[in-house]
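In what follows, a structure is listed as structure tokens, so that the remarks can point back to it.
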Amino acid sequence: MPTRVQLQNAIPKLVLAPSFAAILVFVYAFIFYTGYLSLTDSKMLPSYGFVGLENYEKLWKLPHWWRAVTNLAIFGSLYIVICSVLGLLLAILLDQKIRAEGFLRPIYLYPMALSFIVTGTAWKWFLDPGIGLESVMHHWGWESFSFTWIKDRQMAIYTVVIAAVWQSSGFVMAMFLAGLRGVDNEIIKAAQIDGASTATIYRRIIIPLMRPVFLSAFVVLAHLAIKSYDLVVALTGGGPGQATELPATFMYSYTFTRNSMGIGASSAIIMLVMIFSIIIPYLYSELRGGPRQ
Amino acid sequence: MSQASPDNAVRTNVPARVAIYIALILFAVYYLLPFYVMVVNSLKPLDEIRGGNMLALPQQLTFEPWSSAWSTAQIGVQATGLKPYFLNSILMVVPAVAISTLLGALNGFVLTKWRFRGDNTIFGLMLLACFIPFQIALIPAARILGLLGIAGTTQGLVLIHVVYGLGFTTLFFRNYYAAFPTELVKAAQIDGATFFQIFRRILLPSSGPIIVVTVIWQFTNIWNDFLFGASFGDFDSQPMTVALNNLVSSSSGVKEYNVHFAGAILAALPTLVVYIVSGRYFVRGLMAGAVKG
Amino acid sequence: MSFNKVVKLAAGAAVLALSLGSAKAADNVEVLHWWTSGGEAAALDVLKKDLESKGVTWADMPVAGGGGEAAMTALRARVTAENPPTAVQALGFDITDWAKQGVVGDLSEVATAEGWDKVVPTALQNFSKYDGKWIAAPVNVHSTNWVWISKKALDAAGGKEPANWDEFIAMLDKMKANGITPLAHGGQPWQDATLFDAVVLSLGTDFYKASMIDLDPAALSGDKMKEAFGRMEKLRSYVDDNFSGRDWNLASAMVIEGKGGAQMMGDWAKGEFLKAGQKPGTDFVCIRFPGTQGAVTFNSDQFMMFKVGDDKKKAQLMMASAIEDPKFQSAFNVVKGSVPARTDVPNTDFDDCGKKGMADLAEANEKGTLFGSMAHGHAVPASIKNAMYDVITRHFNGEITTDAAPAEFAAAVEAAK
């Protein structure tokens, strides 16, 4: 019966359809909606008085927004570089047939399981000179020890990096570990026979093979960096002053606490442009050939 | 795991191995420190916390903060502790993880084995959905939940978490199934097996590792979500994170840090257990496909 | 399907229908608030018990964080979903902003019957009423221009309560010389703004009104504003370097423990002193910020009522009436540290600071010097308030000089209008 065959052929598309439809609505329709809001005079709730690009003009005039974007540049680049390097280093070390690997691996990984609502207080304590590291060192007799970054306008953003690296580097480690475990042994054996040193083998052979992992890690970390919100709220609340504001906190505060939904929406659109300009080239290069088989 | 792992480890001498172990242990200390601070201080009476060293072991061991956080701490008007919210979270997380994982598996199956025109574009669009900042979804999603009549219910929260998890679950399964031999699927089709028969009998039985990765990922993300829980939860469906936040960020009164830390650990326990129990499969699952392009 | 199964299913459905039916039938109120700490929640529990004794069940929806910011976000989602709570704890201009959206309820029935117009100060009514209708039931009045001084530190610094700016500075200088942190302060934008409120008010009630409420550009950028920022800079020099991000109650703890000399904070700080076993007059002293006696900057917690279906209307009105019950007003405010929102509540149960607060409020109400606090969202809407915060906090943290601050201040306000 042809109808039945047709049905069979249609099943895959029918299976995919609800998910795709949901995403069209909940992601793309919402993005368009936000884009539209960014052109309106919305304040506390959406309203539809069209104002053109006024919100964008206001946005780029705000020192607050510039601070947030500059901070993202500092935070994002340090976070991505340190996480990748640390993740790779840990993976290489763990891959040396370490006895306690089964014990150590979850220790490196577990921060990813905790939200910053949970660990924020612990980090805030740890970094606070009054009760944290500085005070502990003083307790232990190192009176001149000073660690006041979180109170320092110039340095506070780096404490955000420390806590963020703590959370995500274990995950990156797991990605690299998986990559290292996938490397073909024969290549290494051959190099060893040729008399190459360990360092050379890693530098010339193994690390270059990790290129796809670097890419995946970059994408995951970049989007985490741009979306970082809980972290800043739990750690510094954006302070001292506005020293640790990021675009995500900026957007939330303008949309929801400052009743300037139009400006909030325009900052969201800029954020999306930033995200997509990172992700789309990656996706394009990945998908051009279809899945590798 | 050690037997499965290929012999990447390069010849190393004794001093080098000692150095590796020392490095690994130092990193383990860095990762454990915040958690250590939380545990130790959750077991101290408040006076001891005020006067003492953050890193010192409790001199007077008390489990009072734990029972307080669980069953008597002030969350709202009533002093219920976190207990009732735990169930709310479970009722939300379990269906959301199950549904999003199943849909992800089906989508991955379709996108790799039932290719059609435009499938890469659809996948690309679904993947981009992972990167939307959730803050922009808040208002329009609330509107849709209201129209569907499930605002403020657990079903509403499940729907939201399923939709925003689809991008990642589809990505994981697609990459995993891409490496699965298409010939097996073709052969089964010729034998007259239907779409769902092939999925259930051929694909699913070999999907163990990627299911683990997906479940871990979804479970931790959904369990830790605050924004959606606070906005779309109601008096009878607010999840654990909202309750924890009520406990920790109350605006006045004596800050009972020991209770806060105990509550934070309680709220994190399920995700920690998931990570530690299934962590060993995590790297294997990542290896099996999630990190490949 | 077997017969048994059918019976079970039917029974299950019946039970479900019954339970849904009964939930609908009873009167209930759903309350969104952020009073989750011990004392406040206990105070609110008085209201809950009162309503329950009248057959109204209370569905509690607490969302803490950011002084109500998280709760306001949740509220936006609830209203957008057309599923608003019965009552929402709200502050100042948030109430007006919601009223403009046409989603709030109408309490006039109860308010007229109970004569709220006569007993609630006019400055509060500006927020509780919109378009001539009562839309919110005020719970309390906090006044924000207080200074809390450790008695011990004050005695060591000469023992005289400062009555003007110069005496205040002299006191802080002596405290500094005595080796304590003169001004215990937490570096969060709203706390910085709380200082600023008091400083501006101390430069004259007319100046406060012109700059903070009427937003007169000349007042915002003028010499007097420069003087205000100059005083802020001076105050900053009495704060320790570890202040940024500190919660206000930890700053109170500094004064309680004698590490800090004085704290400028609203009357909720009193609760911290009382809980630590300190007595007003003997362990700590409460004074109005020097130069502001006779005037009060206030903020008021109110329960804003939303438009609900007829089945919930009765419970909503009962709740509003219970809030304005003088007995509840007294019981709640004794615990909370604030003063009643009605001026006819007897002050018998209040301590000395509470009695002074009630007298000051009545005096300011009569003299027309009762002003909404800018720092607490009762002088200007949220967008302008936050624009002011930005400049105040940046200046307090040394990012803007005192000379440049007034112009920046006026410009930020203009941009946020």
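Any read-out appearing in this document is the output of simple, stated calculations on the displayed coordinates, not a laboratory observation. Predicted model only: the values in this text are computed from it and were never measured. Note: ideal-geometry Cβ built from the backbone for every residue, glycine included; neighbour counts use all protein chains shown.
Quick one: which of C:Lys54/C:Lys129; C:Lys209/C:Lys385; A:Lys58/C:Lys224 span more than 19 angstrom between C-alpha atoms? Distance filter (> 19 Å) returns C:Lys54/C:Lys129; A:Lys58/C:Lys224.
Modelled this way, with points 7 Å down the Cα-to-C-beta line, the labels at A:Ser197 and B:Leu147 are 6.6 nm from one another. About its Cα centre, how strong a charge dipole does the protein assembly as shown have in debye, to the nearest 20, once Lys and Arg get +1 and Asp and Glu get -1 at the Cβ? Taking the Cα centre of the protein assembly as shown as origin, the dipole is about 3780 debye. I need the shape label for chain A. Rule: rounded when a/c is under 1.5, else prolate if a/b > b/c, else oblate, with a, b, c from the alpha carbon gyration tensor. Taking the square roots of the gyration eigenvalues as a ≥ b ≥ c, chain A is oblate.
GNM remark for chain A: springs join alpha carbons under 10 Å apart, and the peak mean-square fluctuation among A:Trp125, A:Trp140, A:Trp166 falls on A:Trp140. Here C:Lys270 is the anchor, and the lysines within straight C-alpha reach of less than 16 Å, apart from those fewer than 8 places off in the same chain, are B:Lys255, C:Lys151, C:Lys279, C:Lys336, C:Lys355, C:Lys356. Rounded to the nearest Hz, the phi-derived 3J(HN,Hα) couplings of the stretch C:98-115 under the Karplus curve 6.51 cos²θ - 1.76 cosθ + 1.60 (θ = phi - 60°) are 5, 4, 4, 7, x, 10, 8, x, 9, 9, 3, 3, 5, 4, 5, 4, 9, x, where x marks glycine and proline. Working from Cα pairs under 8 Å separated by at least six residues, relative contact order for the stretch B:184-293 is 38 percent.
Whole-Hz Karplus values for the stretch A:172-187 come out as 4, 4, 4, 5, 5, 4, 4, x, 4, 5, x, 6, 5, 4, 4, 4 Hz, taken residue by residue from phi with 6.51 cos²θ - 1.76 cosθ + 1.60 and θ = phi - 60°; glycine and proline positions read x. Taking a ≥ b ≥ c as the square roots of the Cα gyration tensor eigenvalues, the stretch B:1-135 comes out oblate, since a/c reaches at least 1.5 and a/b does not exceed b/c. As a proxy for reagent exposure, C:Met212, A:Met271, C:Met358, A:Met155 were ordered by neighbouring Cβ count within 10 angstrom, fewest first; the result is A:Met155, C:Met358, A:Met271, C:Met212. Each Lys or Arg adds one and each Asp or Glu subtracts one; over the other residues with Cβ under 12 Å from the Cβ of C:Val296, this totals -2. If R0 is 56 Å, the Cβ-Cβ spacing of B:Ala79 and A:Ala190 corresponds to a FRET efficiency of close to 0.25. Here A:Lys97 is the anchor, and the aspartates and glutamates within straight C-alpha reach of less than 12 Å, apart from those fewer than 8 places off in the same chain, are B:Asp7. Label point of A:Trp66 set 7 angstrom out along Cα-Cβ; within the stretch A:217-258, amide nitrogens under 15 Å from it belong to A:242-243.
Once the gyration tensor of the Cα atoms in the stretch B:14-62 is diagonalised, the equivalent ellipsoid follows with semi-axes of 32, 9, 8 Å, ordered largest first. Structural descriptor for chain B: relative contact order 28 percent, calculated from alpha carbon pairs under 8 angstrom and at least 6 residues apart.
Cysteines of the protein assembly as shown lacking any other cysteine Cβ under 4.7 Å from their own Cβ: A:Cys83, B:Cys130. Taking 7 Å steps out from each Cα toward its Cβ at C:Asp352 and A:Gln8 produces label points 9.3 nm apart. Does chain B come out rounded, prolate or oblate, given a ≥ b ≥ c as the square roots of the eigenvalues of its C-alpha gyration tensor, rounded meaning a/c under 1.5 and, failing that, prolate meaning a/b above b/c? Oblate is the answer for chain B, as a/c is 1.5 or above yet b/c matches or exceeds a/b.
Net length available on complete extension from A:Trp140 to A:Tyr284 is 46.3 nm, with 0.36 nm assigned per residue and the Cα-Cα distance removed. Computed from Cα atoms, the angle from the helix C:382-396 axis to the main principal axis of chain C rounds to 30 degrees. Here the calculated FRET efficiency for C:Thr282 and C:Val46, from their Cβ-Cβ distance with R0 = 25 Å, stands at 0.30, rounded to the nearest 0.05.
The long axis of helix C:352-367 is offset from the longest Cα principal axis of chain C by roughly 90 degrees. Between the beta carbons of B:Val29 and A:Ala17, assuming R0 = 56 Å, the FRET efficiency works out to 0.65 to the nearest 0.05.
Annotation: the antiparallel percentage among DSSP beta bridges lying fully within chain C is about 60. Within the shell of other residues whose beta carbon sits under 13 angstrom from the beta carbon of B:Asn221, the net charge comes to -1, with Lys and Arg scored +1 and Asp and Glu -1. Just checking the listed ones, A:Thr200, A:Thr255, A:Thr159: in the Gaussian network model of chain A with Cα springs under 10 Å, the one fluctuating most is A:Thr200. Cβ-to-Cβ counts within 10 Å put B:Leu269, B:Leu145 in ascending order as B:Leu269, B:Leu145, the fewest first.
In a reduced charge model with +1 at each Lys and Arg Cβ and -1 at each Asp and Glu Cβ, the stretch A:57-287 shows a dipole moment near 200 debye about its Cα centre.
Step by step: find N for chain C, compute 2.2 N^0.38 Å, then divide the Cα radius of gyration by it. What's the final number? Normalised Rg, Cα atoms only: 1.08. Looking at the protein assembly as shown alone, DSSP beta bridges between its own residues are antiparallel in about 60 percent of cases. Under the criterion of Cα pairs below 8 Å and six or more residues apart, the relative contact order for the stretch B:38-160 equals 17 percent. Electrostatic tally near C:Ala405: other residues with Cβ closer than 14 Å to its Cβ, Lys and Arg +1, Asp and Glu -1, net -2. Each of B:Phe123, B:Val39, B:Gly192 was scored by the projection of its Cα onto the charge dipole of chain B, and the greatest displacement toward the positive side belongs to B:Gly192; charges sit on the C-beta of Lys, Arg, Asp and Glu. Computed over Cα pairs, the Kirkwood radius of the protein assembly as shown leads via Stokes-Einstein (1.306 mPa s, 10 °C) to a diffusion coefficient of 52 µm² per second. Database remark: amide H of C:Ala59 closer than 5 angstrom to the amide H of C:Val29, C:Glu30, C:Val31 (H placed geometrically; neighbours at sequence offset of 5 or more, or on other chains; Pro and chain starts carry no H).
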